[in-house]
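**Q** Pasting in a structure now, in structure tokens, and then I'll have a few things to ask.
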Amino acid sequence: MAKVKTKFFCKECGYESSGWLGKCPSCGSWNSFVEAKIEEPSRKRGSWVQPEENADSGSNKVQQLSQIISGDEERFSSGMPELNRVLGGGLVRGSLILLGGDPGIGKSTLLLQVSAAVAGEGRKILYVSGEESPGQIRLRANRLKLANAAIALLPSTSFTKIEEAIRQTEADFVVIDSIQTIYVPEIASAPGTVTQVREAAGGLLRLAKNLNTTIVLVGHVTKDGSIAGPRILEHMVDTVLYFEGEGQSNLRLLRCVKNRFGTTDELAVFEMRDQGLFSISDPSLFMLKGRPIDVPGLAVTSCLEGSRPLLLEIQALLTPSSYQLALRMSQGIDRLRLSLLLAVLQKALKRDFSALDCYLNVTGGIHIRETAADLAVLAAILSSSEDKSLPADLLIIGEVGLSGEIRPVSRTSRRVQEALRLGWKKFILPSQSEEELSKLALPDGCQLYYVSLVNEAVDLFFVK
């Protein structure tokens, strides 16, 4: 007869303990332990997964690193160029991918489109749904005009049935929607608990490696935007993707925060339409579409998302404050960073902004995480304050230090090349970037201004 034991697991890192602990000794998190009942099978090996499979293969033998022959992992296209870019060139056979995002953001739509595209290349697809019925998936397929795609559907939440279906269909690409609904029958706890999510993901990981099958897990997210469940889930998978988007915007962003087969921090841009998600191959042009010209308070800068430079518009609005303490509101840039830059500008120009409310916005729903936009933020603020518009073809790049110095940013040449491609002619850049940009072939009429201090840049902001 099976024995039932009670254990406690840390929700953040998966650390296991026989009793409850206030602080996790592994990751240091407080109040992160949850109770879980585990039913241990009477036989020595569990029936829900077969870890000993391929035990005699060469991959499980001790080998010398110098004798291992390295090569590119076998990849196949997802059918979406932007997704291929984020994944490092395509889907890798035998990989386990975790896709997280807010409810209704388009995760199921994206994976159904990818499944149809992969099936069109002659590969076998298995779509496992633990939340939707086959009829609901059929309705989505009709809307996306994918009703005739060769996709096998399995409405199940049992790991045993899912494993059996993967082996029987010999699927090349499997979608699990979602991992929080899957349960292992041998474990006496509810689906979505730390134990169930960890063990189900572990079983799917072994299936992906043993059968050389690509498996995508859809993960729920918590209210703070992180993937729900134990943090160990993100450590187990090969790739972690986050799907983001504004509620009122058709723009969707797919970020890669972990990738064992490529670079991280890459960004894919999609547009949600009635027929599904469409890749945006030129996001800079898309972000600046409809940009007003000769309007005070607007500045354009270039930021890197992964290896891709994006041209973004920064909008600033300064108005007399009605409160004793002026407001500092920002969207797309950290509010504390805005306060810091205002203090630097106030000292550099000997001007008082304490009686003015400052509102800052980055168009397109992009959140700027680097400091290359600092100088452009100051330019937009000053443009709104003086009610003067900046030149329409001016691009501003540079990090601002506390003493008012302009510091260099990484890969300035790539940012400038992207702006030149889109027709920009004037640039205000850090003086330390002059050597890097001296090797660039610039078109006729292009002007590069190098500055070392905020005061020098201010003198160039309104030069037509």
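The values are calculated or read from the model by the stated rules, or taken from the named source; none is laboratory data. Predicted, not measured: the structure shown is a model, and the values here were computed from it. In this analysis, Cβ positions are derived from the backbone assuming ideal geometry, glycine residues included, and neighbour counts consider all displayed protein chains. The area values use the complete protein model at the heavy-atom level, side chains included, leaving out ligands, DNA and RNA. Shrake-Rupley method; radii C 1.70, N 1.55, O 1.52, S 1.80 Å.
**Q** Of everything in region 263-272 that's on the phi < 0 side of the Ramachandran plot and under 15 Å from the mean Cα position of the chain (by Cα), which residue is surrounded by the fewest Cβ atoms within 10 Å (Cβ to Cβ)?
**A** 263
**Q** Residue check: is residue 257 modelled with pLDDT of 85 or more, outside any helix (DSSP H, G or I) and open to solvent by less than 10 Å² (accessible area, probe 1.4 Å)?
**A** It is false that residue 257 is modelled with pLDDT of 85 or more, outside any helix (DSSP H, G or I) and open to solvent by less than 10 Å² (accessible area, probe 1.4 Å).
**Q** Sort out which residues of region 291-300 are among the hydrophobic types (A, V, I, L, M, F, W, C) and open to solvent by 50 Å² or more (accessible area, probe 1.4 Å), and write them in order of number.
**A** Result: 293, 295.
**Q** Looking only at region 344-362, filter to residues that are in contact (Cβ under 8 Å) with a residue 12 or more places away in the chain and in a helix (DSSP H, G or I); which one of those is surrounded by the most Cβ atoms within 10 Å (Cβ to Cβ)?
**A** Checking each candidate, the answer is 345.
**Q** Criterion first (at pLDDT below 95, out of contact with any Phe, Trp or Tyr (no Cβ under 6 Å at 6 or more places or on another chain), of a type outside the set (Phe, Trp, Tyr) and part of a loop (DSSP other than H, G, I, E, B)) does residue 440 satisfy it?
**A** yes
**Q** May I ask you to list pairs of residues, at least six apart or on different chains, whose Cβ atoms are under 8 Å apart, with the first in region 285-301 being touching a residue at least 60 places away in the same chain (Cβ under 8 Å) and among the acidic types (Asp, Glu) and the second being surrounded by 14 or more Cβ atoms within 10 Å (Cβ to Cβ) and part of a loop (DSSP other than H, G, I, E, B)?
**A** Once the first residue is touching a residue at least 60 places away in the same chain (Cβ under 8 Å) and among the acidic types (Asp, Glu) and sits in region 285-301, its partners that are surrounded by 14 or more Cβ atoms within 10 Å (Cβ to Cβ) and part of a loop (DSSP other than H, G, I, E, B) give 294/389; 294/392.
**Q** Please work out which residue is surrounded by the most Cβ atoms within 10 Å (Cβ to Cβ), limiting yourself to region 391-405 and to residues that are touching a residue at least 40 places away in the same chain (Cβ under 8 Å) and in a strand (DSSP E or B).
**A** Across region 391-405, the extreme among qualifying residues is 396.
**Q** For region 325-333, state whether one or more residues are touching a residue at least 40 places away in the same chain (Cβ under 8 Å) and open to solvent by 30 Å² or more (accessible area, probe 1.4 Å).
**A** The answer is no, given that none of the residues of region 325-333 is touching a residue at least 40 places away in the same chain (Cβ under 8 Å) and open to solvent by 30 Å² or more (accessible area, probe 1.4 Å).
**Q** So is residue 197 closer than 16 Å to residue 107 by Cβ, open to solvent by less than 30 Å² (accessible area, probe 1.4 Å), at pLDDT 85 or above and not in a loop (DSSP other than H, G, I, E, B) or not?
**A** Criteria not met by residue 197.
**Q** Let me ask something else about it. Pull up region 158-196, narrow it to residues that are over 29 Å from residue 79 (Cβ atoms) and hydrophobic (A, V, I, L, M, F, W, C), then point me to the one that is nearest to the chain's Cα centre (by Cα).
**A** Among those residues, the one meeting the criterion is 194.
**Q** Would you call residue 376 under 22 Å from residue 431 (Cα atoms), within 27 Å of the chain's Cα centre (by Cα), of a type in the set (A, V, I, L, M, F, W, C) and in a loop (DSSP other than H, G, I, E, B)?
**A** Against the criterion (under 22 Å from residue 431 (Cα atoms), within 27 Å of the chain's Cα centre (by Cα), of a type in the set (A, V, I, L, M, F, W, C) and in a loop (DSSP other than H, G, I, E, B)), residue 376 does not qualify.
**Q** Being in contact (Cβ under 8 Å) with a residue 40 or more places away in the chain and of a type in the set (Gly, Ala, Ser): is that true of residue 156 here?
**A** So residue 156 fails the test.
**Q** Here's a check for you: in region 273-290, which residue that is part of a helix (DSSP H, G or I) and surrounded by 18 or more Cβ atoms within 10 Å (Cβ to Cβ) is modelled with the lowest pLDDT?
**A** Going through the qualifying residues, I end up with 287.
**Q** Take the residues in region 406-441 that are more than 16 Å from residue 302 (Cβ to Cβ) and either of a type in the set (A, V, I, L, M) or within 32 Å of the chain's Cα centre (by Cα) (or both); name whichever of them is surrounded by the most Cβ atoms within 10 Å (Cβ to Cβ).
**A** Of everything passing the filter in region 406-441, 432 is surrounded by the most Cβ atoms within 10 Å (Cβ to Cβ).
**Q** Within region 365-373, can one find any residue that is open to solvent by 40 Å² or more (accessible area, probe 1.4 Å), of a type outside the set (D, E, K, R) and not in a helix (DSSP H, G or I)?
**A** Checking region 365-373: at least one residue is open to solvent by 40 Å² or more (accessible area, probe 1.4 Å), of a type outside the set (D, E, K, R) and not in a helix (DSSP H, G or I).
**Q** Name the helices (runs of 4 or more DSSP H) wholly inside region 73-190 in which the number of residues that are among the aliphatic types (A, V, I, L, M) and surrounded by 21 or more Cβ atoms within 10 Å (Cβ to Cβ) is 3 or more.
**A** Per the criteria, 81-87, 107-119.
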